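The values are calculated or read from the model by the stated rules, or taken from the named source; none is laboratory data. What you are looking at is a predicted structure, and each value in this text was computed from that prediction instead of being measured. Note that each Cβ is placed from the backbone with ideal geometry, even for glycine, and that neighbours are counted across all protein chains shown.
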Amino acid sequence: MSILNDISEAMQKGKAKLVKQMVPQALEEGYSAKEILEEGLLAGMNIVGERFQNNEIFVPEVLIAARAMNAGTEILKPLLSGNDAEPLGRACMGTVKGDLHDIGKNLVRMMFEGKGIEVIDLGVDVDADTFVQTAIEQHCDIIACSALLTTTMPVMEEVVRRASEAGIRDKVKIMVGGAPVTEKFCQSIGADCYTADAASAAAAAAQMLA
Ligand code: B1M
């Protein structure tokens with residue numbers, strides 16, 4: 001069994017300390033940060049998601065697994081994001097109102113920073129006005145919204161509407177993403193860009209700013 005499986009299992013069990021020990025070990029064994037993220041941590045989180053959906057585990061277990069996941073991604077952060085790129089532009093980013101999921105948003109942030117895009121991280125449970133006011137006050141080129149719940153996706157439409165009402169719609173690109181979000185949804189609400197994962201979100205953002 002590879003250390004990536006061990007990382008996946010430790011993450012699923014919420015063993016943050018073990019994950020913290022094994023991630024550097026996997027790097028020493030020659031696995032790349034991307035392999036550790038995708039085949040270790042994200043693979044583990046997919047299994048957690050399935051078990052959660054099947055009512056085999058419940059919110060507390062998912063929460064400690066999420067903490068273990070964050071412990072691992074913190075170690076990988078400098079490797080995934082790099083730090084020598086020239087600033088390309090500025091984005092404000094958050095998980096929308098009513099939604100507390102932030103693992104995906106944090107990955108998107110890391111990838112944006114890796115492309116040299118400054119990120120103002122608004123955290124979770126962010127309302128439409130906060131996105132728009134921050135974009136105005138901090139001169140952001142991009143508003144990036146993440147949603148993991150079907151019930152919170154409509155906040156993204158509100159962000160687009162509030163940006164139009166505030167007169168900044170032609171100055172700011174609005175990006176949307178998260179597991180339930182689709183290209184069709186993005187188009188239906190008049191946002192500018194949907195991507196399925198963090199790396200393509202950063203690539204698309206960099207392209208829009210170039
Ligand atoms: Co919740 N949860 N959760 N949860 N949770 C889901 C999302 C769910 C699908 C589980 C399930 O039933 N199978 C389900 C949503 C159902 C739905 O709406 N369709 C669900 C539910 C129901 C809930 C609660 C309502 C449960 C309850 O209380 N009864 C509750 C809601 C709380 C709230 O937000 N108000 C809840 C709570 C939680 C925890 C707090 C326990 C925890 C979150 C901890 C945290 O984030 N700090 C949690 C977790 C961990 C999950 C699962 C298991 C994993 C989510 C995750 O982090 N995935 C999830 C099941 C699943 O997804 N399989 C589930 C890994 C992460 C890297 O992926 O965020 O999708 P993701 O990000 C991806 C892409 O989507 C993309 O990039 C990333 C990959 O590169 N991406 C973007 C994300 N944002 C982007 C933005 C972009 C572009 C791409 O541009 C701007």
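Checking Gln12, Gln25 one by one, the residue that is of a type in the set (S, T, N, Q), over 30 Å from Ile168 (Cα atoms) and more than 15 Å from the ligand (Cβ to nearest atom) is Gln25 and no other.
If only residues of the stretch 9-31 that are assigned to a loop (DSSP other than H, G, I, E, B) and in contact (Cβ under 8 Å) with a residue 24 or more places away in the chain are counted, the one that is farthest from the chain's Cα centre (by Cα) is Glu29. For beta carbons closer than 6 Å, sequence separation of 6+ or different chains, a first residue in the stretch 129-157 that is in contact (Cβ under 8 Å) with a residue 24 or more places away in the chain and a second that is within 12 Å of the ligand (Cβ to nearest atom) and aromatic (Phe, Trp, Tyr), the qualifying pairs are Ile143/Phe131.
Among the residues of the stretch 118-172, the one identified as in contact with a Pro (Cβ under 9 Å, 6 or more places away or on another chain) and closer than 22 Å to Leu209 by Cα is Glu118.
One residue alone among Ala43, Ala71 is in contact with a Lys or Arg (Cβ under 6 Å, 6 or more places away or on another chain), in a helix (DSSP H, G or I) and either without any contact (Cβ under 8 Å) to a residue 60 or more places away in the chain or within 26 Å of Ala206 (Cα to Cα) (or both), and that residue is Ala71.
Is it fair to say Asn55 is surrounded by fewer than 16 Cβ atoms within 10 Å (Cβ to Cβ) and on the phi > 0 side of the Ramachandran plot? Judged against the criteria, Asn55 is a match. Here Gly104 fulfils each of the conditions (1) at pLDDT below 95; (2) more than 8 Å from the ligand (Cβ to nearest atom); (3) surrounded by fewer than 23 Cβ atoms within 10 Å (Cβ to Cβ) apart from (2). Checked against the criteria, Glu61 counts as touching a Phe, Trp or Tyr at 6+ places or on another chain (Cβ under 9 Å) and either part of a loop (DSSP other than H, G, I, E, B) or buried (at least 16 other Cβ atoms within 10 Å of the Cβ) (or both).
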